[in-house]
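Read the figures in this text as sums done on the coordinates, not as results from a lab. Remember, predicted model here, so these are calculated numbers, not experimental data. FYI the Cβ positions are ideal-geometry reconstructions off the backbone, even for glycines, and counts take in every protein chain you see.
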Amino acid sequence: MKQARFPYQKDLLDFDFSFQPSINQAEIEDLNSLRFLAEQQNVLFVGNSGVCKTHLATALGIECCRQGERTRFIQCGELIRQLEAAYDQNREKELLQKFFGYSVLIIDEIGYLPISRIGAELFFQLIEKRYERKTNIITTNIALSQWGTVFSDKKLANPILDRLIHRSRVIKITGQSYRMRGHVISSSKN
């Protein structure tokens, strides 16, 4: 668990399915059985900020750890920062191998920050290396069709998506932000 570096310790028992009715509880519980690992499937959680994508990814990651799977949680911005720093020091192959070593790699918040060309190329290398060999769990607030804007160009985004979506479970979450529940945002006129 310590090695996984989860942002918090929450599992599915902590999840309020009634708040996000767009989520199919049976599908999430099936994911929690970890059958997707045996099938080397990826899981992509797609939805706006605050709809509990990170909570679900973390809950699955915690269950993976409980079942003895080497798991690593990392925000996309931090992953790209580490890959670029390794590239600058000519250590990118070593770092790519380190991330390849995890049975489950959870990459959180793809799309919140722009990714440089070199960052996108290194990210592609990581996804290519893990393709059909290891499982990735992804959270993103950007529609998959818009990933070209995140990864510097569409030509690079397409092969990344191709490898992530093939043999994957895509969970689209719609609804209100859990963090904003109970808050009313008023507008004032000047």
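Brief remarks on what is shown
- Among the GluC sites (Glu not before Pro) in region 1-54, those located in a DSSP loop and surrounded by at most 16 other Cβ atoms within 10 Å of their own Cβ are E39.
- Theoretical gain in end-to-end length, Q67 to R167 [0.36 nm per residue, Cα-Cα removed]: 33.8 nm
- Interchain or long-range residues, amide H under 5 Å from R169's placed H: N42, V43, L44
- When Rg and the Kirkwood Rh are both derived from Cα coordinates, the Rg/Rh ratio for the chain amounts to 0.98.
- Per the Debye formula on identical point scatterers at the alpha carbon atoms of region 1-81, with no solvent, log10 I(q)/I(0) at q = 0.12, 0.13, 0.18, 0.21 Å⁻¹ is -0.35, -0.41, -0.80, -1.09.
- Per DSSP, loop chymotrypsin sites (Phe, Trp or Tyr not before Pro) in region 78-141 with at most 16 further Cβ within 10 Å: Y112
- Rg over Rh, two decimals, region 74-159 (C-alpha only, Kirkwood Rh): 0.93
- Cα centroid separation, region 93-144 to region 38-80 (Å): 12
- Spin-label pair N24/D11, simplified geometry with 7 Å Cα→Cβ offset, distance in nm: 2.4
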